[in-house]
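Okay, so here's the structure we're looking at.
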Amino acid sequence: MRHLDIATAKPYSVIGLGTWQFGSREWGYGSEYADREAARIVKRACELGIAVFDTAELYGFGRSERILGAALKESGGVDDVVVASKVFPVLPTAGIVQQRGVASAQRLGVRRIDLYQVHQPNPVVSDTTTMRGMAALRDVGVIDEVGVATVAR
């Protein structure tokens with residue numbers, strides 16, 4: 001597996017695994033999928049050298065983060081993979097971003113989220129306000145890298 005040539009604490013594979021479906025009943029996936037198949041998918045992805053696992057607090061209202069965290073723990077932990085998540089874009093003020101980042105880390109079962117992203121910009125809350133929350137999370141070690149997932153300008 002190839003990796004990006006970027007200065008980060010962990011190597012980012014050029015292919016990542018998105019986990020929107022892991023906790024989302026609206027996709028038609030039930031508890032057997034969440035309890036068994038998701039862990040098999042994560043394990044196989046790790047075997048193939050995929051090192052980036054992406055989720056969001058919005059996916060299944062936090063279930064995707066919990067399922068991914070458990071699957072990564074079962075397949076060897078998070079030391080060699082990049083765990084990425086995204087903050088829900090409604091009212092992303094600094095304080096709320098901080099609360100949501102801590103809650104995501106807890107659901108994922110990690111001390112630090114490797115890449116925490118703004119899911120999409122909010123037209124009412126300035127990027128500066130949102131990024132103050134991201135900076136605070138980074139300063140206290142809850143997140144490592146900051147990104148933006150969906151931007152259309």
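The values are calculated or read from the model by the stated rules, or taken from the named source; none is laboratory data. As the structure is a computational prediction, the values presented were derived from the model and not from experiment. As a convention, Cβ positions derive from the backbone with ideal geometry for all residues, glycine included, and neighbour counts pool all protein chains shown.
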Practice prompt. Considering each of 54, 5 in turn, give the residue that is surrounded by 15 or more Cβ atoms within 10 Å (Cβ to Cβ) and either within 12 Å of the chain's Cα centre (by Cα) or not small (Gly, Ala, Ser) (or both).
Written response: 54
Worksheet item: Looking at the range 91-123, which of the residues that are buried (at least 19 other Cβ atoms within 10 Å of the Cβ) and farther than 23 Å from residue 51 by Cα is nearest to the chain's Cα centre (by Cα)?
Response: 100
Worksheet item: Before we move on, is residue 53 under 22 Å from residue 16 (Cα atoms), in contact with a Leu (Cβ under 6 Å, 6 or more places away or on another chain) and modelled with pLDDT under 95?
Response: no
Item to complete: All but one of (1) under 17 Å from residue 74 (Cα atoms); (2) at pLDDT below 95 hold for residue 1, so report the exception by its number.
Response: (1)
Worksheet item: Can you pull out the strands (runs of 3 or more DSSP E) entirely within the range 41-124 that have at least 2 residues that are touching a residue at least 12 places away in the same chain (Cβ under 8 Å) and of a type in the set (A, V, I, L, M)?
Response: 82-87, 113-118
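Just checking, which of 17, 48 is at pLDDT 95 or above and within 27 Å of residue 89 (Cα to Cα)?
Being at pLDDT 95 or above and within 27 Å of residue 89 (Cα to Cα) holds for just one of 17, 48, which is 17.
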Practice prompt. Would you check if residue 19 is crowded, with 18+ Cβ neighbours inside 10 Å and more than 15 Å from residue 106 (Cα to Cα)?
Written response: yes
Worksheet item: Which is more than 12 Å from the chain's Cα centre (by Cα) and either among the hydroxyl-bearing types (Ser, Thr, Tyr) or within 20 Å of residue 144 (Cα to Cα) (or both), of 69, 77?
Response: 77
Worksheet, complete the sentence: Given (1) under 23 Å from residue 18 (Cβ atoms); (2) modelled with pLDDT of 95 or more, residue 153 misses just (2)
